[in-house]
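Reviewing the structure listed below.
The values are calculated or read from the model by the stated rules, or taken from the named source; none is laboratory data. On a predicted model such as this, the values are computed, not experimentally measured, just so you know. Here the Cβ positions follow ideal geometry from the backbone for every residue, glycine too, while neighbour counts run over all protein chains shown. Heavy atoms of the whole protein, side chains included, go into the accessibility calculation; ligands, DNA and RNA do not. Shrake-Rupley method; radii C 1.70, N 1.55, O 1.52, S 1.80 Å.
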Amino acid sequence: MATGSLPKPDVRRKPHPTGTRVPVLVPLPFPGPLDYLAPEPLEPGELVSIPLGKREVVGCVWDKTSTVPSDFAAPPGREIALERLRPVGAKLDVRPLPHSLRRFVDWVAAYTLTPPGLVLAMATRIHLKDAPKPTLGWVRTEAPEGDLRMTPPRRSVLNVASEIPMSTADLSSKSGASSAVIRGLAAAGLLREALIPLTTPFATPDPGYGAPVLSEEQAEAAAHLCRPVRESRFEVTLLEGVTGSGKTEVYLEAVAACLDEGRQVLVLLPEIALSAQWTDRFIRRFGAAPAVWHSDLGQKLRRETWAAISDGSARVVVGARSALFLPFNDLGLVVVDEEHESAFKQEEGVMYHGRDMAVVRARLADAPAILVSATPSLETLANVETGRYRHELLTSRHGGAAMPDVELVDMRHDPPERGLFLSPVLCEAIETTLRAQEQAMLFLNRRGYAPLTLCRACGHRMQCPNCSAWLVEHRARGILTCHHCGHTERLPNSCPECHAENSLVPIGPGIERITEEAKMRFPDAKILVMASDTLGSPAATAEAVRRISDGEVNLIIGTQIVAKGWHFPNLTLVGVVDADLGLGGGDLRAAERTVQLLHQVAGRAGRAERPGRVLLQSYVGEHPVMTALVSNDFQAFMDQEAAQRRPGFWPPYGRLAALIISAPDGAKADALAREIALAAPECEGVQVLGPAPAPLAVLRGRHRRRLLLRTVRGIAVQPLLRKWLSDIRPAGGARVDVDIDPISFL
Ligand code: ADP
Ligand code: ZN
């Protein structure tokens, strides 16, 4: 202990602040946590209100030994003196963010080259807005009725009221009495105001509730999946199996094991629209609903769910990728269903891949991860090959249902009539199916009426004023719209270029146009259209699914939403209107993605007793994608894909990062792109491609250029990129976005 002469207190100085220095991460793009003064001790993870400039923000007390890479941290000796630190404000009334979530935030930030505060924002977003006003309700008091006249409405209210607070609306609807009656009883002291508690308890799923009898193959896979769950051990398993082989049933066994262990489960789905059917399935298996997490939840339910996940009372969470940032109290298993789906990649803000980050999340929680797919991504297959991931395979459909018979319709030899899009073969198959009282589905992954509108007189194409993209006609709404920026205009009567009247013609089909054709050809069919823009909410999707399941419709026409894991026993025919659609564009994964999507669509057919049939309309029948689909041989296809990517060290055999440079005008974008290209790293195993105009050269009015960094697997791209971009200072509204492991090359 220090003895001897202490410095005399300097009376002119402000009193020495009492408290300690705490790092606080705020939801803003600072390179790391900021220091604040904490008057009383604060634990890492606590959420606090923080003065920042003139604002108040919600920050999270961060760990002193954060895992943020050193070039993010404040340089030593440059710390702000304790007495100049601003004090933290009030502590929020929520549980601290758990350690594993804080490490995850650091990890995602470092991996995606995002300021950690912006990643934190995804975890604390619901606390950034003002908390909803606590709602007051009514409770029954002990007071005697006294001489208050007990009219029937008053009696009825007192019968309904209890010690659990009920809102005026609730109490009034349950008792049939008006709010005036309730107020009268309160004035008489028989009811008292009380806070309605925020958390509604989530029921605990029962692992033994609806356990299936598994086939031998299923049971074996389930046993392997359960083992690391029981041992609280990180391990990744690819659960692969043809559509309808019982993958869901099998991974629900691992969920059951995790519930048995008293820990929490996270299940990620690529699309929130799927959550309703998944929830029904879950209830049948476990007798209680899971907690659901996606952006469509109301604010109140979001807060309740967040709190229940944080205190551990919500045991199973099913959600979109954003659920990765929930404050699980004790995460024991992570499942990624349809792991190959590119929808797991977030393309805006923090650009991360939900599947890959799910694996990281599991590792940081010492929990196993299960990746589920009928057509696994090449990334995951490569990890299986190197032994990093385990592999479980289900080889046959449950209950002996056969795989559908996939046939090619060669559009060169069997073309549709002029101006139409359904070939005679396909039309005949639909008629046969409908006559047999079965259901048929037409798939075309394109919304709207026509993807292009042009002038017959001068050739002018209707283009978006903000993007290098054509406007898509949506005939029912009488508009042309841009699917990239949302720009919308009325469909004009004359060409805006040459002013010819009635000269604009639609080119190519979207599902609206296919629906028109189907109505004409099959006037008696009961048609249902399923597209992401016509089925906005999970509830609308659930209703559509119900109508199909109940046989209210027999011809379903849809975009990619119909391809998902739906189970429609009476659906026996699937027609793919344009199997070639995804192959253009020169995207690295175009073929892989087309196979995955079309195989998944095909998998909707013949899932029960009656066999399924799939017709693929294509102009390139000899393409390996078509061969793979027709022969149902994905192994050969993926081997071929691997062989193509391996030599050039394309992912997954090398690493890729995209730099997207954008600016208000083309010259600025070019200048910044050139500057960045000049500073490009030069070393063994590293290659920089570009700059080149992005395929979407203009997007929302911003001019875009792209560079691609490609390295061999042994080289991490993040340090390279940090060094490369450290001296780049975009100005004049220009910016550079980094996309690690890009999926989209637009
Ligand atoms: P996948 O996820 O591979 O597409 P599912 O798990 O959805 O397959 O199974 C397809 C259908 O077969 C579902 O209706 C499912 O309930 C049923 N099923 C699968 N395995 C079993 C089983 N062992 N016992 C009863 N039903 C099963
Ligand atoms: Zn646009």
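At-a-glance table
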{"quantity": "Condition broken by Asp260, with the remaining ones in (1) open to solvent by 40 Å² or more (accessible area, probe 1.4 Å); (2) more than 16 Å from ligand 1 (Cβ to nearest atom); (3) out of contact with any Pro (no Cβ under 8 Å at 6 or more places or on another chain) satisfied", "calculated": "(3)"}
{"quantity": "Total residues in the stretch 22-45, condition under 18 Å from Pro327 (Cβ atoms), open to solvent by 10 Å² or more (accessible area, probe 1.4 Å) and within 27 Å of the chain's Cα centre (by Cα)", "calculated": "1"}
{"quantity": "Checklist (1) surrounded by 15 or more Cβ atoms within 10 Å (Cβ to Cβ); (2) within 16 Å of ligand 2 (Cβ to nearest atom); (3) over 25 Å from Ala525 (Cβ atoms); (4) not small (Gly, Ala, Ser) applied to Met403, failing item", "calculated": "(2)"}
{"quantity": "Residue in the stretch 573-587 that is under 16 Å from Thr433 (Cα atoms) and either part of a loop (DSSP other than H, G, I, E, B) or among the polar types (S, T, N, Q) (or both) present", "calculated": "no"}
{"quantity": "Sole residue being among the aliphatic types (A, V, I, L, M), open to solvent by 70 Å² or more (accessible area, probe 1.4 Å) and under 30 Å from Ala254 (Cβ atoms), chosen from Val213, Val236, Val229", "calculated": "Val213"}
{"quantity": "Filter result for Ala221 (in contact with a strand residue (DSSP E or B) (Cβ under 8 Å, 6 or more places away or on another chain) and farther than 30 Å from Val359 by Cβ)", "calculated": "no"}
{"quantity": "Residues located in the stretch 550-572, provided they are more than 22 Å from Ala429 (Cβ to Cβ) and either open to solvent by less than 40 Å² (accessible area, probe 1.4 Å) or outside any loop (DSSP other than H, G, I, E, B) (or both)", "calculated": "Ile561, Lys564, Gly565"}
{"quantity": "Every residue from the stretch 184-210 that is in contact with a strand residue (DSSP E or B) (Cβ under 6 Å, 6 or more places away or on another chain) and either modelled with pLDDT under 90 or open to solvent by 60 Å² or more (accessible area, probe 1.4 Å) (or both)", "calculated": "Arg192, Glu193, Ala194, Ile196, Phe202"}
{"quantity": "Set Arg355, Arg302: member being closer than 24 Å to Leu113 by Cα and among the basic types (Lys, Arg)", "calculated": "Arg355"}
{"quantity": "In the stretch 496-523, the residues that are assigned to a loop (DSSP other than H, G, I, E, B) and surrounded by 20 or more Cβ atoms within 10 Å (Cβ to Cβ)", "calculated": "Pro509, Gly510"}
{"quantity": "Only one of Arg547, Arg607 that is within 21 Å of Ser275 (Cα to Cα), part of a loop (DSSP other than H, G, I, E, B) and more than 24 Å from the chain's Cα centre (by Cα)", "calculated": "Arg607"}
{"quantity": "So Ile740, is it farther than 27 Å from Gln463 by Cα, of a type outside the set (Gly, Ala, Ser), in contact (Cβ under 8 Å) with a residue 12 or more places away in the chain and open to solvent by less than 50 Å² (accessible area, probe 1.4 Å)", "calculated": "yes"}
{"quantity": "Residue that is nearest to Thr305 (Cα to Cα), among those in the stretch 111-126 that are open to solvent by 20 Å² or more (accessible area, probe 1.4 Å) and touching a Phe, Trp or Tyr at 6+ places or on another chain (Cβ under 8 Å)", "calculated": "Met122"}
{"quantity": "Residue selected from the stretch 461-495 under the condition open to solvent by 10 Å² or more (accessible area, probe 1.4 Å) and of a type in the set (D, E, K, R), by the criterion farthest from ligand 2 (Cβ to nearest atom)", "calculated": "Arg475"}
{"quantity": "When residues of the stretch 469-485 are limited to those that are in a loop (DSSP other than H, G, I, E, B), of a type outside the set (Gly, Ala, Ser) and farther than 15 Å from Thr534 by Cα, the one nearest to ligand 1 (Cβ to nearest atom)", "calculated": "His484"}
{"quantity": "Pairs, first at pLDDT below 90 in the stretch 706-733, second of a type in the set (Phe, Trp, Tyr), C-beta under 9 Å, six or more apart", "calculated": "Arg713/Phe649; Arg713/Tyr653"}
{"quantity": "Strands (runs of 3 or more DSSP E) wholly inside the stretch 612-718 that include at least 1 residues being surrounded by fewer than 18 Cβ atoms within 10 Å (Cβ to Cβ)", "calculated": "686-699, 702-712"}
{"quantity": "Leu504 farther than 21 Å from Val601 by Cα, within 16 Å of ligand 2 (Cβ to nearest atom), in contact with a strand residue (DSSP E or B) (Cβ under 6 Å, 6 or more places away or on another chain) and not charged (D, E, K, R)", "calculated": "no"}
{"quantity": "Extreme residue, modelled with the highest pLDDT, among residues of the stretch 54-72 that are in a loop (DSSP other than H, G, I, E, B) and open to solvent by less than 60 Å² (accessible area, probe 1.4 Å)", "calculated": "Trp62"}
{"quantity": "Test: residue in the stretch 297-313 that is without any contact (Cβ under 8 Å) to a residue 60 or more places away in the chain, closer than 28 Å to Ala563 by Cα and not in a helix (DSSP H, G or I)", "calculated": "yes"}
{"quantity": "Test: residue in the stretch 410-417 that is in contact with a helix residue (DSSP H, G or I) (Cβ under 6 Å, 6 or more places away or on another chain) and at pLDDT below 95", "calculated": "yes"}
{"quantity": "Residue count, the stretch 169-183 (criterion: within 42 Å of the chain's Cα centre (by Cα) and either open to solvent by less than 50 Å² (accessible area, probe 1.4 Å) or on the phi > 0 side of the Ramachandran plot (or both))", "calculated": "2"}
{"quantity": "Some residue of the stretch 638-657 being touching a residue at least 12 places away in the same chain (Cβ under 8 Å), under 30 Å from Ile430 (Cβ atoms) and out of contact with any Ser or Thr (no Cβ under 8 Å at 6 or more places or on another chain)", "calculated": "no"}
{"quantity": "Positions within the stretch 447-460 being assigned to a strand (DSSP E or B) and buried (at least 17 other Cβ atoms within 10 Å of the Cβ), in sequence order", "calculated": "Ala450, Thr453, Leu454, Cys455"}
